[in-house]
Amino acid sequence: MSSYTQKLLFLGGLKSDGNTVFKFLEPKGTPRDALFKGLLNGTYRKPFLVEDRKYRVMCFTLDGRTQTEMRLDDPDALTNEYTRKMMGFLVFETCPKKVLMIGLGGGALAKYCHRHLPTTQLTAVEIDPDVIAMRADFYIPPDDERLKVINADGADHVAQMAAAGERADVVLVDAYDEFGIAESVVEREFVENAKGILDTNGVFVLNLVAEAHDCDRYVETIRQVFGSPVMVVAMKQEENRVVFAGNELLDPYRIPLALRNAEQVETRFGLRFPTLLRLLKESYGRLGGNIPCAR
């Protein structure tokens, strides 16, 4: 297990339901009132966990925003809609050799890929050591020959990969802190480096939560770097948008294959991507293609 992993301080009492506990990266004996006061006034700066009988959630604040949500009865399940939609890369890369994840959180994507893609090498880069310290609480597997968790700045890591000529088949970006999306992952330099490390048929996927005008600006940066089409999938039940880019989206000869792959992904994993497929069909149709039947 990672050297960052440590036992958490369990506390109850902020809620009166008797079923909710809070867990902190603090030593035993830390005054309860001081911790809860820091949560309430916003001065507590570390991630913390909130847990009831069904879910374990990582938070940075008490404003209702969560960084990660895990079902206690099925820790590997993709609880959030946006994480399921980010797996849409599978319609382009059904068996990726290398997947790079920028942002670990509770490791929902890392766990899912580790379980369901047994031949894929996974690297997750997380800037916050306190987040990594909670990996055992989210049942993220220890590092092995297929999974590596690195404590580093994601943008710096991608820049170093680009400089060294290293490649990945898929880049998944889900990098957030208490202030929102990490600014470094929406800057043009990062997007250019991310494109630079992708293999020829690689796919770039970004989870995006921001004000509408900022989202438009970020997506336009991605479009300028990758070229059109860039496909943006809005969630039905969450505020997130998931952005897809890469050469696979540009090649009209590979789009019908992606549509057929989607049926296999649904059969194998139970994951469906209706909006992504609709956007692919529309893109292919504008090129005059004859779309095969696909769900």
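The values are calculated or read from the model by the stated rules, or taken from the named source; none is laboratory data. Nothing here was measured: the structure is a model prediction, and the numbers come from that model. Every residue, glycine among them, receives a Cβ derived from its backbone with ideal geometry; neighbour counts consider all protein chains shown.
Which members of the stretch 187-213 meet the condition of being at pLDDT 95 or above and part of a helix (DSSP H, G or I)?
Hits for the stretch 187-213 are R188, E189, F190, V191, E192, N193, A194, K195, G196, I197.
Under 7 Å by Cβ, and 6 or more places apart or on different chains, what pairs join a residue from the stretch 123-139 that is in the same structural domain as P96 (by TED's automatic domain parsing) and part of a helix (DSSP H, G or I) with one that is surrounded by 21 or more Cβ atoms within 10 Å (Cβ to Cβ) and of a type in the set (V, I, T)?
I132/V149; R135/V149; F138/T68
Any residue that is within 18 Å of the chain's Cα centre (by Cα), modelled with pLDDT of 90 or more and not assigned by TED's automatic domain parsing to the domain that holds A124 - is there at least one of those in the stretch 38-48?
yes
Residues are listed down the side, and each one gets a yes or a no for (1) buried (at least 16 other Cβ atoms within 10 Å of the Cβ); (2) part of a strand (DSSP E or B):
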{"residue": "S228", "(1), (2)": "no, no"}
{"residue": "V232", "(1), (2)": "yes, yes"}
{"residue": "E238", "(1), (2)": "no, no"}
{"residue": "F244", "(1), (2)": "yes, yes"}
{"residue": "Y253", "(1), (2)": "no, no"}
{"residue": "L259", "(1), (2)": "yes, no"}
{"residue": "E263", "(1), (2)": "no, no"}
{"residue": "L271", "(1), (2)": "yes, no"}
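Return the residues of the stretch 229-260 that are farther than 16 Å from V219 by Cβ and either at pLDDT 95 or above or among the aromatic types (F, W, Y) (or both); say none if nothing qualifies.
Y253
If you go through the stretch 273-295 one residue at a time, how many are at pLDDT below 90, in contact with a Phe, Trp or Tyr (Cβ under 8 Å, 6 or more places away or on another chain) and either surrounded by 18 or more Cβ atoms within 10 Å (Cβ to Cβ) or in a helix (DSSP H, G or I) (or both)?
Number satisfying all stated conditions: 0.
Out of all the residues in the stretch 150-164, which are among the small types (G, A, S) and in a helix (DSSP H, G or I)?
Matches in the stretch 150-164: G154, A155, A159, A162, A163, A164.
Look at M87 and say whether it is surrounded by 20 or more Cβ atoms within 10 Å (Cβ to Cβ) and under 22 Å from D137 (Cβ atoms).
no
Being farther than 27 Å from T94 by Cβ and among the small types (G, A, S) is the requirement here; does A245 meet it?
No; evaluated as a whole, the condition is false for this residue.
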